[in-house]
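The values are calculated or read from the model by the stated rules, or taken from the named source; none is laboratory data. All figures in this text were calculated on a predicted structure; none of them were measured in a lab. Positions of Cβ are backbone-derived with ideal geometry, glycine not excepted, and every protein chain shown enters the neighbour counts. What goes into the accessible areas is simple: the full protein's heavy atoms, side chains included, and nothing from ligands, DNA or RNA. Shrake-Rupley method; radii C 1.70, N 1.55, O 1.52, S 1.80 Å.
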Amino acid sequence: MTQTGIRDTTEAELDRVMESAAEAAEAFGALTPRERAALLRAVGDAVDAAADELLPIAQRESRLPEARLKGELGRTTFQLRLFAQVLEDGAYLEATIDHPDPDWPVGPRPDLRRVLEPLGPVVVFGAGNFPFAFSVIGGDSASALAAGNPVVAKAHPGHPELSVRTGDVVSAALREAGAPDGAFAVVLGQETGRRAVLHPHTRAVGFTGSIPGGRALHDLAATRPDPIPFYGELGSINPVFVTRAAAASRAEAVLSGYADSFTLGTGQFCTKPGVLLLPEDTPVETLAEAVRGRSGAPMLNERIERGFAEGYRSLAEHEAVEVLVEGGPHDGEDGTTVWTPSLVRTTAKRFLENSRELLEERFGPVSLVVTYSEPAEAERVADILPGQLTAAVHGEDADDQAGPLLNRLRRRAGRVLWNGWPTGVSVTHAMHHGGPYPATTSVLHTSVGSTAIRRFLRPVCYQQVPQHLLPQALRDDNPLSVPRRIDGELHLP
């Protein structure tokens, strides 16, 4: 039972939730895209209307400031409305028709029609650092619902009361808008989450959290009698490389921007830049001064505080590292514990010799500066990076160092930035929030942006099926008015 008296979901209750989701799957998936778009908008309106109730709960449980939470709630309902637009556009279905062709070069072609269809019930694990946008009705839930799948949201232990109340708002909105019973539910408990991944009715899982937790659940999903997709966002250090030309022309601006980025949200963003590569003659003390001037802020909860304290200490005490700014916990004015940021430094040579330990993600307000003596050293660091959500290069237009770095980093990261900072993930059509392992468990997909819907759909090809038995998107008269590729050519409605 949580501190608020909210108890964990029992095994019997989880079975009933999953059974209800499985029973709802066919009817929910059979709704037209426009009907599901209306449902998503109804949920967005209901969450907006409940803001005055939800925000104080979120503020109390997450320790995040009201202004930050208001912006995040707005992002959450925007995501729902964005997916409603995706549904109304219809291109996400990838409807494709190949008419019979007796003269097809590799032999007579039958009538073939392909479309994307829902997977079935999806279990979504909420994140602790974004109690709205990556939680109960965050991006994973929004994209799974948009695809036509019932969602069972596993509440994060950091905000159980908010999760339950948000779930009530979402379920009521869906029910009043005409969704079948079982289309959405919230469950609680660590063991409940494990059981949900293994439950025979679960068809896919969305997860945002730590590498150890995500990897354990990923392995469970893979070892089921019927393995299922596990879309996990796990860990990333989001390196930033500064070229010699950029350091020579605007070091102060770059270092100030870096301090702003890695301390944002007390360093509790999955896109926090954790490693900064600088030419060795860059005035690092400028960055140290900027970091010393930062005021402290609370971390999300005591569990994260303990994890960060342990991770920071292992970094600060490493023989290859020098501490430039020793931040840490302090008593705040209201009696809460606030954390000021820390900064540590090493050389590229020592970093390469100790990369395993120094590349661990420290989820909180600390960053590592790595100084390099020549561009080749920076390139060697790029070459040994594990998979990342983001990687950034700060360079100049005429910069012979930038090209080789960008070429290396595009192989390591899902999003590559030029003269920018990774914190701040725009919810838009072109966004890719993913990357090679351990950034995510599926390098092919994103958890932010409109193409996140693709994770929860599977292709089905219909061969020689009569018109009246085909899905509407594949019928000749195109009753859904969706874009389609017909005999190799794109046809717009």
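What separates the Cα centres of the stretch 205-267 and the stretch 401-415 is a distance of 16 Å. A DSSP coil position with no more than 16 other Cβ atoms inside 10 Å describes the following GluC sites (Glu not before Pro) in the stretch 338-372: Glu360. Please work out whether the chain counts as rounded, prolate or oblate from its C-alpha gyration tensor, where a ≥ b ≥ c are the square roots of the eigenvalues and a/c under 1.5 means rounded, while otherwise a/b larger than b/c means prolate and anything else oblate? Note, shape of the chain comes out oblate.
Taking square-rooted eigenvalues a ≥ b ≥ c of the alpha carbon gyration tensor, is the stretch 211-321 rounded, prolate or oblate, where a/c under 1.5 means rounded and, failing that, a/b exceeding b/c means prolate? Before the final figure, lay out the partial values.
Values: a/c = 2.54, a/b = 1.87, b/c = 1.36.
Prolate.
When you restrict to C-alpha pairs under 8 Å that are six or more residues apart and normalise by the size of the chain, the relative contact order lands at 18 percent.
Restricting the GluC sites (Glu not before Pro) of the stretch 1-110 to loop positions (DSSP other than H, G, I, E, B) with no more than 10 neighbouring Cβ atoms within 10 Å leaves nothing.
Can you list which of the trypsin sites (Lys or Arg not before Pro) found in the stretch 371-463 are DSSP loop residues with at most 14 other C-beta atoms within 10 Å?
On the way: sites: Arg380, Arg408, Arg410, Arg411, Arg412, Arg415, Arg454, Arg455; in loops: Arg410, Arg411, Arg412.
Qualifying residues, ordered by number: Arg410, Arg411.
Out of the total accessible area of the stretch 274-327 (probe 1.4 Å, heavy atoms of protein only), what percent is carbon and sulfur?
Using a 1.4 Å probe with all protein chains present, the stretch 274-327 comes out at 45 percent carbon and sulfur.
Expressed as a whole percent, the proportion of Cα-Cα pairs in the stretch 121-205 lying more than 19 Å apart is 30%. Label positions at His318 and Val465, each projected 7 Å from the Cα along the C-beta direction, are separated by 5.3 nm. Bridgeable aspartates and glutamates around Lys70 (alpha carbons under 14 Å apart, same-chain partners fewer than 8 residues away excluded): Asp48, Asp52, Glu53. When the solvent-accessible area of the stretch 1-47 is split by element, carbon and sulfur atoms take up 49 percent of it, the probe being 1.4 Å.
Kindly identify the stretch 342-427 as rounded, prolate or oblate by the Cα gyration tensor criterion: order the square roots of the eigenvalues as a ≥ b ≥ c, call it rounded if a/c is under 1.5, otherwise compare a/b with b/c, prolate if a/b is larger, else oblate. Write down the numbers at each step before the final one.
Numbers: a/c = 1.56, a/b = 1.09, b/c = 1.44.
In terms of gyration-tensor shape, oblate.
Note down the relative contact order for the stretch 178-272 as a percent, whole number, built from C-alpha pairs under 8 angstrom at least six residues apart.
Working: 66 pairs, mean separation 21.1, N = 95.
Contact order relative to length: 22 percent.
From the alpha carbon centroid of the stretch 26-46 to that of the stretch 57-73 is 27 Å.
Given the C-alpha centroids of the stretch 90-136 and the stretch 273-337, what is the distance between them in whole angstrom? About 45 Å separates the Cα centre of the stretch 90-136 from the one of the stretch 273-337.
Using 0.36 nm per residue of separation minus the Cα-Cα distance, give me the extension gain between Ala30 and Ala172 in nm, one decimal.
On the way: separation 142, 0.36 × 142 = 51.12 nm, distance 2.04 nm.
Once the chain is fully extended between Ala30 and Ala172, it gains 49.1 nm.
Once all protein chains are placed together, Tyr92 keeps about 20 Å² accessible to a 1.4 angstrom probe.
Per atom type, the stretch 374-440 shows carbon and sulfur on 50% of its accessible surface, probed at 1.4 Å. Computed from Cα atoms, the angle from the helix 160-176 axis to the main principal axis of the chain rounds to 30 degrees.
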